[in-house]
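The values are calculated or read from the model by the stated rules, or taken from the named source; none is laboratory data. From a predicted model like this one, the values you see are computed outputs, not experimental measurements. As a convention, Cβ positions derive from the backbone with ideal geometry for all residues, glycine included, and neighbour counts pool all protein chains shown.
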């Protein structure tokens, strides 16, 4: 857990972090399994069992609902991934050399990244194909830069559909630093602080059919700006 989240000695923060980690992990797992239901002749994963749903006594566990029947964050992420229509995002970081660190890590010593690729997929469990608008929205946490585009997409029935594979958008590069080592990476990445969000929207009604957001990893390195939101109890 400490590789992706900041170390804390505060009990409430630690408990929240464990639930967030569970939510992130289960969301990625169910998305990956469902993605492998690719259509005729490519039904590599046909389903997954949720273990476990709820606790039968107050305890620390991997259940997605606690003993008092309070849903944890993982309950909602799994529900979203297993909805009849869902959208998912995977990010592959491109680095200057192979190494034994998780691929989502952007920088580690001599390991430097110079880009990332995002793959967006749609999942449709109904028996009818679906025409929709795919809304892609990217925002940089450091500069406020954003990018938005919309594309028409077609989801095949009862399978996953690969929708987009593209370089991860990012703000303009302000420097032209060159890598001095033999690997000759042209420039460092400009997407390591970019959040990518995708929504599937019904073309006729404007209804949001599915949504998903991909945050750059590790989360502990992000400096999230204050959204300046005020909540008042009425």
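Yes or no, residue by residue, for (1) at pLDDT below 95; (2) buried (at least 17 other Cβ atoms within 10 Å of the Cβ); (3) in contact with a helix residue (DSSP H, G or I) (Cβ under 6 Å, 6 or more places away or on another chain); (4) assigned by TED's automatic domain parsing to the domain that holds residue 171:
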residue	(1), (2), (3), (4)
94	yes, no, no, yes
108	yes, no, no, yes
116	yes, yes, no, yes
142	yes, no, no, yes
150	no, no, no, yes
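If the condition is being more than 28 Å from residue 33 (Cα to Cα) and touching a residue at least 60 places away in the same chain (Cβ under 8 Å), then the range 117-143 contributes 141, 142. Scanning the range 77-85 turns up no residue that is within 22 Å of residue 200 (Cβ to Cβ), surrounded by 13 or more Cβ atoms within 10 Å (Cβ to Cβ) and modelled with pLDDT under 90. So which residues in the range 47-62 are assigned to a loop (DSSP other than H, G, I, E, B) and either within 15 Å of residue 161 (Cα to Cα) or in contact with a strand residue (DSSP E or B) (Cβ under 8 Å, 6 or more places away or on another chain) (or both), if there are any at all? Listed by number, the residues that qualify are 53, 55.
Scanning the range 158-198 for residues that are more than 25 Å from residue 124 (Cα to Cα), part of a loop (DSSP other than H, G, I, E, B) and at pLDDT 70 or above gives 169, 170, 171, 172, 173, 189, 190, 191, 192, 193. Considering only residues that are outside any strand (DSSP E or B) and touching a residue at least 40 places away in the same chain (Cβ under 8 Å), which ones fall in the range 146-157? Matches in the range 146-157: 156 only.
Residues that are surrounded by fewer than 17 Cβ atoms within 10 Å (Cβ to Cβ), outside any loop (DSSP other than H, G, I, E, B), modelled with pLDDT under 95 and not assigned by TED's automatic domain parsing to the domain that holds residue 198 do occur in the range 39-46. Out of the residues in the range 199-234 that are outside any loop (DSSP other than H, G, I, E, B) and closer than 19 Å to residue 115 by Cβ, state the one that is modelled with the lowest pLDDT. Within the range 199-234, the match that is modelled with the lowest pLDDT is 221.
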